[in-house]
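The values are calculated or read from the model by the stated rules, or taken from the named source; none is laboratory data. Because the structure is a prediction, the values reported are computed rather than measured. Don't worry about glycine lacking a Cβ; one is built from the backbone with ideal geometry, like all the others, and counts go over all protein chains shown. Surface areas here come from the heavy atoms of the whole protein model, side chains and all, with no ligands, DNA or RNA. Shrake-Rupley method; radii C 1.70, N 1.55, O 1.52, S 1.80 Å.
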Amino acid sequence: MIKSIKNFGKYCLFLVQVFKRPDKWRVFFKSLIFEIDKLGVDSIPLVLIISLFIGAVICIQMTINIVSPLIPSYSTGLATREILLLEFSSTMMCLILAGKVGSNIASEIGTMRVTEQIDAMDIMGVNSANYIVLPKIIGFVLFVPVLCVLSMFFGLIGGWFIAEFTTMISVENYNYGLQSFFNEWYVWYGIIKTVVFAFIITSVAAFCGYYVKGGALEVGKASTNAVVSSSILILLADVILTKLLLQ
Amino acid sequence: MIEAKNVSKWFDGQRILYDINATFETGKTNLIIGQSGSGKTVFMKCLIGLLTPEEGEILYDGRKIRNMNNEERRQLRTEIGMLFQGSALFDNETVLGNVMFPLTMFSSLSKEEQLERAHFCIKRVGLENADKKYPSEISGGMQKRVAIARAIALNPKYLFCDEPNSGLDPKTSILIDELLSDITHEYGMTTVINTHDMNSVLGIGEKIIFINKGHCDWIGNDKNIFRAKSQSLNDFVFASKLFQEVKLVLEREVESEK
Ligand SMILES: Nc1ncnc2c1ncn2[C@@H]1O[C@H](COP(=O)(O)OP(=O)(O)O)[C@@H](O)[C@H]1O
Ligand SMILES: [Mg+2]
């Protein structure tokens with residue numbers, strides 16, 4: 001317990017280090033572009049594939065499980081849309097990205113630590129936390145809404161495939177369901193959540209990597225740690241944000 | 001000149017350094033020697049301020065590190081070049097990118113002048129043809145050279161090297177030693193080198209500080225190291241077969257003088 005409070009304090013101090021004015025803006029923007037490409041754009045294929053399949057599966061599940069004469073048949077499309085918008089495209093996708101992006105960041109920074117690259121920067125007088133971490137946080141936070149919207153869109157497409165190519169539900173029914181009772185705020189709610197989660201993923205992973213001590217083994221541990229801690233924090237933040245934003 | 005006064009360092013209640021007093025002279029290669037695990041790296045990290053000693057003072061030409069504010073510390077760091085044990089090159093940058101790094105971050109030169117300076121440093125360490133390669137594509141000796149080029153890019157007053165020739169063959173080690181020694185004399189730098197290699201000790205030991213289990217046991221130079229009275233130093237110096245032979249020869253010489 002005391003250890004986690006200490007760690008939280010250390011994390012806050014770390015963030016203070018990170019959120020300083022960059023030494024050179026030109027260098028910062030260069031690495032920002034690089035990180036957006038590496039952390040964001042490179043995640044698009046993963047997000048597309050997962051969203052397509054989960055969208056399709058949700059659609060099938062809804063059709064199979066909602067067989068009651070009391071519930072209208074268009075509710076399949078409605079439910080698929082709500083699940084994607086409210087939880088899947090934000091929380092679930094970020095949990096998956098925590099695995100990809102979080103472990104990538106933690107192991108990269110951890111390796112820099114154990115091979116003394118971070119010490120080398122400190123010795124030159126560069127604010128290493130700021131130089132390495134800030135572009136990652138800003139880059140991913142800026143790009144993650146794109147991933148979220150793509151995930152929503154392709155999830156719905158996944159459901160549509162089921163409607164189009166199977167006889168479980170008709171396309172008209174599915175489309176009608178998609179369009180009924182639409183609340184635009186839900187999209188914003190999803191985007192706000194992903195932005196917060198993206199911040200959690202990048203900052204926690206960077207923190208875990210930055211304070212690695214020892215060798216290659218500890219880098220592996222740090223990267224596992226990063227994924228576990230950021231996943232738990234994402235779930236916690238999910239509860240809090242849902243209470244705040246949807247009530 | 002860098003002075004260390006009564007430097008002591010603890011890690012988690014365990015004492016690593018015991019009251020070390022030493023001065024490192026300008027324009028000379030100053031060697032810190034000692035067995036592996038004796039605290040050389042820790043001492044060097046205290047010297048450059050990566051670690052803060054619990055007791056004692058470090059002075060750079062009279063300026064105490066402990067009393068410096070952030071701005072002064074930053075200023076000092078731009079005057080320091082450091083060569084890490086594992087080279088510590090940035091993996092995702094080319095050789096040129098690595099040498100350019102301190103220049104883009106700190107110098108007020110124009111882009112062309114920075115490139116010119118970087119190429120000059122790369123040429124100085126003899127790597128003209130490798131500037132587009134990545135660290136993983138070059139040999140250990142070349143990585144050390146790149147690290148040297150990066151360390152001298154900003155024309156530092158103080159150069160620190162942590163075991164510059166660990167993991168290198170004897171011939172490459174000697175080349176690296178010579179390069180460091182030449183650079184030191186050429187630019188009048190204060191160079192501090194950690195090593196446990198007797199070849200370097202005899203080759204470039206203009207001033208030698210011997211550390212044994214965190215104690216500074218002996219200070220001297222390559223001329224008088226064989227005649228030192230310190231038992232721990234003799235154990236260190238004459239550890240290998242080769243130097244046992246040397247010892248016999250020396251003893252015979254002393255006898256014939258009598
Ligand atoms: N960060 C650290 N935390 C705890 N102990 C350390 C740390 N760094 C070094 N030590 C200990 O200090 C001693 C000296 O280490 P070091 O200076 O690396 O030796 P060397 O002379 O081989 O460079 C070793 O016993 C090591 O275990
Ligand atoms: Mg060492």
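Across peptide B:149-162, the mean count of Cβ atoms from other chains lying within 10 Å of each residue's own Cβ comes to 1. Only residues of the stretch B:20-57 count here: report those whose backbone N is under 11 Å from the spot 7 Å along Cα→Cβ of B:F11, or say none. Flagged as within label range: B:37-43.
Applying a DSSP loop filter and a limit of 16 other Cβ atoms within 10 Å to the trypsin sites (Lys or Arg not before Pro) in the stretch B:47-94 leaves B:R66. Amide H to amide H distances under 5 Å link B:N221 with B:I208, where only residues 5 or more positions off or on other chains count and H is placed in the peptide plane.
Using the beta-carbon distance between A:E164 and A:I49 and R0 = 22 Å, what value does 1/(1 + (r/R0)^6) give for FRET efficiency, to the nearest 0.05? Once the sixth-power term is evaluated, E becomes 0.75.
Expected output is a single nm value to one decimal: the length gained when fully extending between B:N21 and B:Q244, i.e. 0.36 nm times separation in residues minus the C-alpha distance. What is it?
On the way: separation 223, 0.36 × 223 = 80.28 nm, distance 3.00 nm.
Contour length minus Cα-Cα distance gives 77.3 nm.
For a straight C-alpha distance cut-off of 18 angstrom, the lysines reachable from A:K38 (same-chain residues fewer than eight places away being disregarded) are A:K30, A:K100, A:K136. Mind jotting down the distance between the C-alpha centroids of the stretch A:159-190 and the stretch A:227-247, whole Å? Result: 26 Å between the Cα centres.
Provide the solvent-accessible area of B:E54, counting protein heavy atoms only and rolling a 1.4 Å probe, rounded to the nearest 10 Å². Near enough 100 Å² of accessible area.
Just subtract the alpha-carbon distance of A:S68 and A:N7 from 0.36 nm times their residue separation and send over the number in nm, one decimal. Mind dumping the intermediate values first?
Working: separation 61, 0.36 × 61 = 21.96 nm, distance 5.17 nm.
Value of the extension gain: 16.8 nm.
The string of couplings for the stretch B:3-16 from the Karplus curve (6.51, -1.76, 1.60, θ = phi - 60°) is 10, 10, 10, 6, 6, 10, 9, 10, 10, 6, x, 9, 7, 9 Hz, one whole number per residue in order, with x for Gly and Pro. Measuring between their Cα centroids, the stretch B:221-249 and the stretch B:66-120 lie 39 Å from each other.
The mean sequence distance of close C-alpha pairs (under 8 Å, at least 6 residues apart), as a share of the length of the stretch A:43-245, puts its relative contact order at 39 percent. Listed values for the stretch B:152-167 are Karplus-derived 3J(HN,Hα) couplings in whole Hz (6.51 cos²θ - 1.76 cosθ + 1.60, θ = phi - 60°), namely 9, 4, 8, 6, x, 7, 10, 10, 10, 10, 9, 6, x, 10, 6, x, and x replaces Gly and Pro.
State which entries of B:K5/B:K45; B:K45/B:K223; A:K10/B:K64; B:K28/B:K223 exceed 19 angstrom in Cα-Cα distance in the structure shown. Walk me through the intermediate numbers first.
On the way: B:K5/B:K45 15 Å; B:K45/B:K223 28 Å; A:K10/B:K64 28 Å; B:K28/B:K223 15 Å.
Among B:K5/B:K45; B:K45/B:K223; A:K10/B:K64; B:K28/B:K223, the Cα-Cα distance tops 19 Å for B:K45/B:K223; A:K10/B:K64.
When Cβ neighbours within 10 Å are restricted to other protein chains, what is their mean count per residue of peptide A:113-122?
Partner-chain Cβ atoms within 10 Å, mean over residues of A:113-122: 6.
If I take every Cα pair under 8 Å that is 6 or more residues apart in the stretch B:105-258, average their sequence separation and divide by the length, what percent do I get for the relative contact order?
About 14 percent, as a whole number.
Applying both filters, DSSP loop and at most 15 other Cβ atoms within 10 Å, to the trypsin sites (Lys or Arg not before Pro) of the stretch B:128-166 gives B:K132, B:K133. When only alpha carbons are used to place a centre, the stretch B:142-182 and the stretch A:38-70 end up 56 Å from one another. Charges were assigned to the Cβ only: +1 to each Lys and Arg, -1 to each Asp and Glu. The resulting dipole of chain B about its Cα centre is roughly 260 debye. Computed extension length for B:N70-B:N224: 51.3 nm, one decimal, from 0.36 nm per residue of separation with the Cα-Cα distance subtracted.
In this structure, the amide hydrogen of B:V192, modeled 1.01 Å from its nitrogen in the peptide plane, lies closer than 5 angstrom to those of B:N30, B:L159, B:F160, B:C161, counting only residues at least 5 positions away or on a different chain. Summed over both chains, the contact between A and B buries some 1900 Å² of accessible surface at a probe radius of 1.4 Å.
Among the chymotrypsin sites (Phe, Trp or Tyr not before Pro) within the stretch A:162-247, those in coil by DSSP and having at most 11 neighbouring Cβ atoms inside 10 Å are A:F181.
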